[in-house]
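I have placed the structure first, in the form of structure tokens, so that the comments after it can refer back to it.
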Amino acid sequence: PRYFGLTATPFRLGSGLIYGEKDSIFNHLVYDLTSAGQFVKLIEDGYLSKLRTKATATKLDTRSISIRGGDFDKKEMADAFNISAITKEACSEIVKLGTNYKKWLIFAIDIDHAESIAETLISMGVSSMVVHSRMDMDRDFVINAYKSGTFKAMVNVNVLTTGFDDPEIDLIALLRPTQSPVIHVQT
């Protein structure tokens, strides 16, 4: 039998490319859409959304954060950045920039950070929920409520990354520093 796979990211953080090597999942890459020209064509043809990126005014100093497994140490980041004043500043910026956007997806450092972000957004009048691996509520229920427009902002911790699709999302906020190209691509 012959097998083929489709992916937006033909590499993995711990193992590299998923094709070409002896122990890889696949023998070779058949069709690659990762060049700048192909990427622009996918946008022009309506397959991908036009992206507008904006660096935040809120700056996080990561110089003292250790690197573990190719990315910033999660516990050190949470200790350094899950601080009410920082969260409020970042959320204020999202609320100001997001005035004309209808559905927000926000990435947090850890569960406590996600809950802090959601609470801060709610205090600012933005309907928000959190999705993470240790939820008390049914995760699918919350995700479906978000997709149906029940609330504006979904704050997540490593859940809504690979394979999550909601074409109505029009604002993505990455409130967790990262050195991982995989995290940037997946978000």
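The values are calculated or read from the model by the stated rules, or taken from the named source; none is laboratory data. The shown structure was predicted, so the numbers you read here are calculated from the model rather than taken from an experiment. Cβ: placed from backbone, ideal geometry, glycine included. Neighbour counts: every protein chain shown. Side chains included, ligands, DNA and RNA excluded: accessible areas come from the protein's heavy atoms. Shrake-Rupley method; radii C 1.70, N 1.55, O 1.52, S 1.80 Å.
Given the conditions (1) of a type in the set (A, V, I, L, M); (2) over 27 Å from Ser148 (Cα atoms); (3) touching a His at 6+ places or on another chain (Cβ under 7 Å), and given that Ala57 satisfies all but one, which numbered condition is not satisfied?
(3) is the only condition that Ala57 fails.
Quick check, is Phe11 over 30 Å from Ile86 (Cβ atoms), touching a residue at least 60 places away in the same chain (Cβ under 8 Å) and touching a strand residue (DSSP E or B) at 6+ places or on another chain (Cβ under 8 Å)? So that I can check it myself, show each step before the final result.
Working: over 30 Å from Ile86 (Cβ atoms): yes; touching a residue at least 60 places away in the same chain (Cβ under 8 Å): yes; touching a strand residue (DSSP E or B) at 6+ places or on another chain (Cβ under 8 Å): yes.
Judged against the criteria, Phe11 is a match.
May I ask you to list pairs of residues, at least six apart or on different chains, whose Cβ atoms are under 6 Å apart, with the first in region 70-82 being over 22 Å from Ala118 (Cβ atoms) and the second being modelled with pLDDT under 95 and open to solvent by 50 Å² or more (accessible area, probe 1.4 Å)?
Asp71/Gln179
Those residues that are closer than 13 Å to Ser127 by Cα and either at pLDDT below 85 or open to solvent by 90 Å² or more (accessible area, probe 1.4 Å) (or both), I need them from region 149-171; list them, please.
Going residue by residue through region 149-171, those that are closer than 13 Å to Ser127 by Cα are 149-155.
Selection gives Thr150 alone.
Which one is most open to solvent (accessible area, probe 1.4 Å) among residues in region 124-148 that are farther than 21 Å from Asn100 by Cβ and in a helix (DSSP H, G or I)?
Per the stated criteria, the residue is Phe141.
Asp140 - would you say it is within 16 Å of Leu60 (Cβ to Cβ), out of contact with any helix residue (DSSP H, G or I) (no Cβ under 9 Å at 6 or more places or on another chain), without any contact (Cβ under 8 Å) to a residue 24 or more places away in the chain and among the acidic types (Asp, Glu)?
Values: within 16 Å of Leu60 (Cβ to Cβ): no; out of contact with any helix residue (DSSP H, G or I) (no Cβ under 9 Å at 6 or more places or on another chain): yes; without any contact (Cβ under 8 Å) to a residue 24 or more places away in the chain: yes; among the acidic types (Asp, Glu): yes.
Judged against the criteria, Asp140 is not a match.
Restricting attention to region 7-42, report how many residues are under 20 Å from the mean Cα position of the chain (by Cα) and hydrophobic (A, V, I, L, M, F, W, C).
Total meeting the criteria: 4.
Here's a check for you: in region 172-182, which residue that is open to solvent by 40 Å² or more (accessible area, probe 1.4 Å) and closer than 16 Å to Leu60 by Cβ is modelled with the highest pLDDT?
Leu174
Can you report the number of residues in region 79-99 which are within 18 Å of the chain's Cα centre (by Cα) and either among the polar types (S, T, N, Q) or over 18 Å from Leu174 (Cβ atoms) (or both)? It would help to see each step written out before you state the result.
Residues of region 79-99 within 18 Å of the chain's Cα centre (by Cα): 81-82, 87, 90-91, 93-95, 97-98.
Going one step further and asking which of them are either among the polar types (S, T, N, Q) or over 18 Å from Leu174 (Cβ atoms) (or both), we end up with 82, 87.
Number satisfying all stated conditions: 2.
Would you mention how many residues in region 19-34 are among the hydroxyl-bearing types (Ser, Thr, Tyr) and at pLDDT below 75?
Taking region 19-34 first, the residues among the hydroxyl-bearing types (Ser, Thr, Tyr) are 19, 24, 31, 34.
Those left that are additionally at pLDDT below 75: 34.
Number of matching residues: 1.
When only residues in region 100-123 that are among the β-branched types (Val, Ile, Thr) and open to solvent by 10 Å² or more (accessible area, probe 1.4 Å) count, which is modelled with the lowest pLDDT? Explain how you work it out, then say what you get.
First, pick out the residues of region 100-123 that are among the β-branched types (Val, Ile, Thr): 106, 109, 111, 117, 120, 122.
Add one more test, that the residue is open to solvent by 10 Å² or more (accessible area, probe 1.4 Å), and what stays is 111, 120, 122.
Working: Ile111: 92, Thr120: 97, Ile122: 97.
Among those that are among the β-branched types (Val, Ile, Thr) and open to solvent by 10 Å² or more (accessible area, probe 1.4 Å), it is Ile111.
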